[in-house]
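Everything on this sheet refers to the single structure shown next.
The values are calculated or read from the model by the stated rules, or taken from the named source; none is laboratory data. Note that this is a predicted model, so its numbers are computed, not measured. Every residue, glycine as well, gets a Cβ built from its backbone with ideal geometry; the counts of neighbours run over all protein chains shown. For accessibility, only protein heavy atoms count, side chains too; no ligands or nucleic acids. Shrake-Rupley method; radii C 1.70, N 1.55, O 1.52, S 1.80 Å.
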Amino acid sequence: MHRLDPRTKIVLTFVYILSLFIFENPAVYAVAALFLIIEIILSRIPILYMVKGLKPVAFLLAFTVAVNLLFTGGQELFSFWIFTVTIEGIKRSSYLIGRLIFLVLASNLMTLTTAPVSLTNALEYLMRPLKLFKVPVHEVAMMMSIALRFIPILVDEANKIMKAQMARGADFDSGNIIKKTKSFVPIIIPLFVSAFRRANNLAQAMEARCYNGGEGRTRLNPLKYRRGDVVAYVLLVIYAVLIVLMGCFLFKAPPVAL
Amino acid sequence: MKTEKVNELNELNTDIPILEAKHLVFEYRTGAAKPVRAVYDVSFSVWPGEFIGLIGHTGSGKSTLLQLLNALETPASGTVYFKGQDIFEKRYDRKKLRGKVGLVFQYPEHQLFAETVFADVCFGPLNMGVDRKQAELTAYDTIKQVGLEDECFYKSPFDLSGGQKRRAAIAGVLAMKPEVLILDEPTAGLDPKGRDELLDMIASLRDKENMTIILVSHSMEDVARYADRIMVMNEGRLILDDTVSTVFKHRQEIKTAGLSVPEVSEIVAELSAAGLPIRDDIFTVDEAAEEILRVLKEYRVI
Ligand SMILES: Nc1ncnc2c1ncn2[C@@H]1O[C@H](COP(=O)(O)OP(=O)(O)OP(=O)(O)O)[C@@H](O)[C@H]1O
Ligand SMILES: [Mg+2]
């Protein structure tokens, strides 16, 4: 899993997510779940850690389910107060849950097993056809790598500044909303100053190394397909065919638009 | 101006330590990896008016320890007492505490934010609930005290030189009138002159205002020159805590902690090992010169 070419992983994840959105039928979801479980096992990432990755979307999940459960029209199952729960509502919300969970797990799996830099490299490669339309693919990919690289640094920095202001008696969680918003000024300003300083340093460092865009640039670790990637693509095709067949013929459920 | 209730009890008491750490343990938890133990079972007492030097190799846990001392981080176990009161107790006013135990961070100039130096220095005292007029008076005095010229008062802090920014940031903490001042490598990146001026200023705070000082530094020479007592940290543990002369006698421990004793002490120790009747508790150049002259005279070499 970890050694697959990042391009393979991106294509894999993309097709997988697409398959979740095109068909809405229990057989497809069962196959999709199976596929995901096998992938997780192969990746050797602890299940618990994957489950923890769902935490940030837990609220979104709960919200979608609640809305769908309560406000979908159809055959009434039972009702209370002003809400009616319908069979369609239950169906819809279980599909939605499945879809969201699979989606988050699949994309987490990809980012957990791949270094961000190789992801952007792979994206650059996969987006190369866009060059025909004058999209500056290399530059976009470079910007993405830099942004990804800087997120943890800035988070660290923000933490440090926050503590430094707390040492001067700053208080971030008392008072009304206006006071609270105002209390972030002493964090935001130094953070911006430091971000600009870092950007400046980086630009200078890149120029000192004669960086001048993507033209004719070679890579430290060229992307290369291996045996494993071929196997993965074959599996992917089998998966796709299976899904399409089941989606179209089993249960006779029509494809649902996004 | 003594409005706080928590500390009034022990205001005049010099029989108890002003700060006391008891079996502090702290771990950083980052992601799935196992936690980094940054501070492990550290205990010590700080007495009013002391000047303590804290030294240790990079990553030995100095900065983390300092953040525990004014409750910016919470220890996994152990606790800190300020004037005999547990600062991690639920009802203790930790915001007030941070005004009493002032912490100047590593590279404090990165925390400057206001439009003028003056406004930035006022930030601390205003947060502590001092009224505006009093805060401005204090800010005025403090900016003078750290040696910034008058024309800096209404400049943007971002237009100052590196050394001036450092002073402005230190003034921002000093303006809260802390009883204990903790400085994390305040001289990093300063030129020798700026460094000496800053350290002299800090020493004068102790001498004139009886402020208690804890100074983190990588320079043994600086610490030896100004501190009464040295604490040495290694890999999260406090391995030495004693008077300057006693600590520098433990040369082996200091070396295993990845540090070096001042060069003068090294030379004096070697002379002493070579059989010269020379005192071996010397750590400043002047003292060493005097002592060597004394010995030479005794031997009638000169
Ligand atoms: N925010 C953090 N998250 C995770 N680990 C950290 C964090 N800050 C420090 N550490 C780790 O804790 C340990 C002690 O760090 P600390 O900053 O206290 O060292 P230090 O003695 O101040 O070093 P220096 O002299 O370089 O400032 C180090 O191993 C460091 O990697
Ligand atoms: Mg530090």
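Assorted remarks:
- Relative packing of B:107-114, A:200-207, which averages over residues the other C-beta atoms within 10 Å, highest first: B:107-114, A:200-207
- When peptides A:101-114, A:217-230 are sorted by average Cβ neighbour count within 10 Å, with the highest value leading, the order is A:101-114, A:217-230.
- Exposure of B:Asp184 as accessible area (Å², to 10), given a probe of 1.4 Å and all protein chains: 10
- Whether region B:95-134 is rounded, prolate or oblate, judged on the alpha carbon gyration tensor where a/c under 1.5 counts as rounded: oblate
- B:Asn234 long-range amide H proximity, modeled H, under 5 Å: B:Ile239
- Region B:207-302: chymotrypsin sites (Phe, Trp or Tyr not before Pro) falling in loop per DSSP and having at most 11 other Cβ within 10 Å: B:Tyr299
- Candidate lysines for bridging to A:Lys182, where Cα separation is under 20 Å - those fewer than 8 sequence places away on the same chain excluded: A:Lys160, A:Lys163, B:Lys95
- Between A:Ile97 and A:Val234, the modelled label-to-label distance comes to 3.8 nm, taking each label 7 Å out from Cα in the direction of the beta carbon.
- Hz values of 3J(HN,Hα) by residue in region B:151-165 - Karplus curve (6.51, -1.76, 1.60), Gly and Pro given as x: 5, 7, 3, 9, 7, 5, x, 7, 8, 7, 6, x, x, 5, 4
- Cβ-defined net charge surrounding B:Ala269, 13 Å radius [Lys, Arg +1; Asp, Glu -1]: -2
- DSSP bridge analysis restricted to the protein assembly as shown gives an antiparallel fraction near 55%, rounded to the nearest 5.
- For the segment A:167-180, counting C-beta atoms of other chains within 10 Å of every residue's C-beta and taking the mean gives 5.
- Shape call, chain A: gyration tensor on alpha carbons, a/c limit 1.5: oblate
- Just checking the listed ones, B:Lys22, B:Lys249, B:Lys90: in the Gaussian network model of chain B with Cα springs under 10 Å, the one fluctuating most is B:Lys90.
- Förster radius 25 Å - calculated FRET efficiency between A:Arg217 and A:Phe133 (Cβ-Cβ, nearest 0.05): 0.75
- Between A and B, accessible area buried - total, square angstrom, nearest 100, 1.4 angstrom probe: 1700
- Accessible-area composition of chain A, carbon plus sulfur, in percent [1.4 Å probe]: 71
- Overall form of region B:262-302 per C-alpha gyration tensor (a/c, 1.5; a/b vs b/c): oblate
- In this label model, A:Asn159 and B:Tyr140 are separated by 4.2 nm, measuring between points 7 Å along each Cα→Cβ vector.
- The mean number of Cβ atoms from other chains found within 10 Å of a Cβ in peptide A:155-165 is 4, as a whole number.
- The protein assembly as shown, helix-only ellipticity at 222 nm - DSSP H runs n ≥ 4, -39,500 (n - 2.57), divided by all residues, nearest 500: -17000 deg cm²/dmol
- Accessible surface of B:Cys122 - all protein chains present, 1.4 Å probe, nearest 10 Å²: 10
- Reach of A:Lys9 by Cα under 24 Å, taken over lysines that are not fewer than 8 positions away in the same chain: A:Lys52, A:Lys55, A:Lys131, A:Lys224
- Heavy-atom accessible area ranking, 1.4 Å probe, most first, across B:Thr30, B:Thr138: B:Thr30, B:Thr138
- In terms of accessible area, using a 1.4 Å probe and ignoring ligands and nucleic acids, A:Met142, B:Met231 rank largest first as A:Met142, B:Met231.
- Heavy-atom surface of the protein assembly as shown, accessible at 1.4 Å and reported per residue (Å²): 55
- For chain B, relative contact order (Cα pairs under 8 Å, six or more residues apart, normalised by length) works out to 21 percent.
- Kyte-Doolittle mean at least 1.6 and Cα axial length at least 30 Å: DSSP H helices in chain A: A:227-249
- Peptide-level mean, for B:105-115, of C-beta atoms on other protein chains within 10 Å: 5
- Counting only DSSP beta bridges whose two residues both lie in region B:2-261, roughly 55 percent are antiparallel.
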